[in-house]
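Just so it is clear, none of the values below were taken in a lab; they were calculated from the coordinates. Remember, predicted model here, so these are calculated numbers, not experimental data. Cβ atoms come from the backbone with ideal geometry, glycine included; neighbour counts cover every protein chain shown.
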Amino acid sequence: MTPAAAGRPPARWASLIPPAVVALAVAAGLVSLGVWQLHRLAWKEALIRTVEERTVAPPVPLPPRADWAALKPADYEYRRVSATGTFDHAEEVHVYRPLVSARGPFHGVGDVVLTPLHLASGGTVIVNRGFVPNERLDPATRAAGQVRGPVTVTGLMRSPQERNGFTPADDTAKNQWFTADPGAVAKVYGIDDAAPFVVDEDAGQAPGGLPQGGETVLDFPNSHLQYALTWFGLALALVGVFGVWAWRQVRGT
């Protein structure tokens with residue numbers, strides 16, 4: 001044995017076990033997060049494909065009223081439908097929504113207009129007729145769009161918009177709402193046969209151009225692959241750092 005070897009402290013393998021267990025546990029957690037993101041990636045890609053197919057498909061008749069209670073959002077979200085009925089413009093609702101990336105000519109600060117459509121077949125559907133800039137919120141300034149009599153509407157079925165802790169309270173007295181919630185609208189206006197979904201009206205259906213339909217947001221951020229690679233990279237880096245540290249401990253450096 002050389003003097004250098006004789007002076008080197010013996011490797012304490014047992015002392016590496018606790019940090020090794022911790023490092024492996026953390027690495028396993030990071031890998032599981034990466035795997036979860038891959039599952040989310042598959043889900044998001046399937047969602048995007050479904051939405052793309054539904055939004056370009058020809059409109060189908062609205063589900064019958066008898067089926068409304070059993071409908072699940074995943075089964076109808078963004079499905080293009082048609083419905084015939086009569087608008088009740090006296091119960092028009094304004095939901096705050098600034099419009100930046102507009103498809104039509106109007107944009108800026110304004111609201112989307114929700115109007116009950118009393119169906120010829122029975123029942124009522126709350127229709128999101130589209131965006132209206134602040135200076136045109138008064139229906140008198142867009143009288144051409146206040147269509148009378150029976151109409152056939154085409155658009156996308158949407159589930160109720162959810163509230164969160166940052167959503168302001170609706171001011172129904174001033175007709176200033178912050179969520180497109182058909183249940184809340186039905187409760188305020190005493191509509192006892194309202195559908196549990198909203199129909200976002202297609203573009204070009206309002207005479208005069210307002211409300212401006214066809215402004216449904218169809219942007220679905222998809223960064224799950226990047227997140228997955230980040231988690232896997234962190235797990236690999238952790239294993240590498242621990243390996244270098246353990247090697248130095250064994251060599252006594």
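Dipole of the chain (Lys/Arg Cβ +1, Asp/Glu Cβ -1, origin at the Cα centre): which of 42, 206, 131 lies farthest to the positive side?
42
So for the stretch 79-209, what are the equivalent ellipsoid semi-axes in whole Å, largest first, each being the square root of 5 times an eigenvalue of the Cα gyration tensor?
Here the semi-axes work out to 20, 19, 14 Å.
When all alpha-carbon pairs of the stretch 86-158 are counted, what percent fall beyond 16 Å? List each step's numbers first, then the result.
Values: 1329 of 2628 pairs.
Here the long-distance tail beyond 16 Å is 51 percent of all Cα pairs in the stretch 86-158.
Using only Cα atoms, tell me the angle between helix 224-251 and the longest principal axis of the chain; keep it within 0 to 90° and round to the nearest 10.
Result, in degrees: 10.
Amide H to amide H, which residues 5 or more places from residue 181 or on other chains are under 5 Å from it, using H placed in the peptide plane?
Distant-sequence amide H within range of residue 181: 161.
Across the stretch 197-212, in residue order, what do the Karplus-derived ³J(HN,Hα) couplings come to in whole Hz, using 6.51 cos²θ - 1.76 cosθ + 1.60 with θ = phi - 60° and x for Gly and Pro?
My calculation for the stretch 197-212 gives 9, 10, 10, 7, 5, 5, 5, x, 9, 9, x, x, x, 10, x, 8 Hz in order.
Check cross-link reach from residue 174 to the lysines: straight Cα distance under 26 Å, and skip same-chain residues fewer than eight apart.
187
Which distance in Å, rounded to a whole number, links the C-alpha centroids of the stretch 42-90 and the stretch 174-253?
The distance from the Cα centre of the stretch 42-90 to that of the stretch 174-253 comes to 19 Å.
Treating only the Cβ of Lys, Arg, Asp and Glu as charged (+1, +1, -1, -1), what charge dipole size does the chain show about its Cα centre? Round to the nearest 20 debye.
Working: 22 positive and 23 negative charges, 321 e Å.
In total the dipole reaches around 1540 debye.
Need one word for the chain: rounded, prolate or oblate. Basis is the Cα gyration tensor (sqrt eigenvalues a ≥ b ≥ c); a/c below 1.5 gives rounded, then a/b vs b/c decides. Present the calculation step by step, with values, prior to reporting the outcome.
Details: a/c = 3.62, a/b = 3.18, b/c = 1.14.
Since a/c reaches 1.5 and a/b is larger than b/c, the shape of the chain is classed as prolate.
Using +1 on the beta carbon of Lys and Arg, -1 on that of Asp and Glu, and nothing else charged, what's the dipole of the stretch 163-253 about the Cα centre, debye to 20?
Numbers: 5 positive and 10 negative charges, 223 e Å.
My answer is approximately 1060 debye.
Of the chymotrypsin sites (Phe, Trp or Tyr not before Pro) in the stretch 95-203, which ones lie in a loop per DSSP and count no more than 14 other C-beta atoms within 10 Å? Can you show the working numbers first?
On the way: sites: 96, 106, 131, 166, 177, 178, 189, 197; in loops: 106, 166, 178.
Of the chymotrypsin sites (Phe, Trp or Tyr not before Pro), the ones in loops of the stretch 95-203 whose Cβ has at most 14 other Cβ atoms within 10 Å are 166.
Within the stretch 144-253, which trypsin sites (Lys or Arg not before Pro) sit in a loop by DSSP and count at most 10 neighbouring Cβ atoms inside 10 Å? Numbers along the way, then the final one.
Values: sites: 148, 158, 163, 174, 187, 248, 251; in loops: 148, 163.
Passing sites in the stretch 144-253 are 148.
What is the dipole size for the stretch 79-209, taken about its Cα centre, with +1 at each Lys and Arg Cβ and -1 at each Asp and Glu Cβ, in debye to the nearest 20?
On the way: 12 positive and 15 negative charges, 73 e Å.
In debye, rounded to 20, the stretch 79-209 gives about 340.
Roughly how tilted is helix 13-56, in degrees to the nearest 10 and between 0 and 90, from the longest Cα axis of the chain?
For helix 13-56, the angle is close to 20 degrees.
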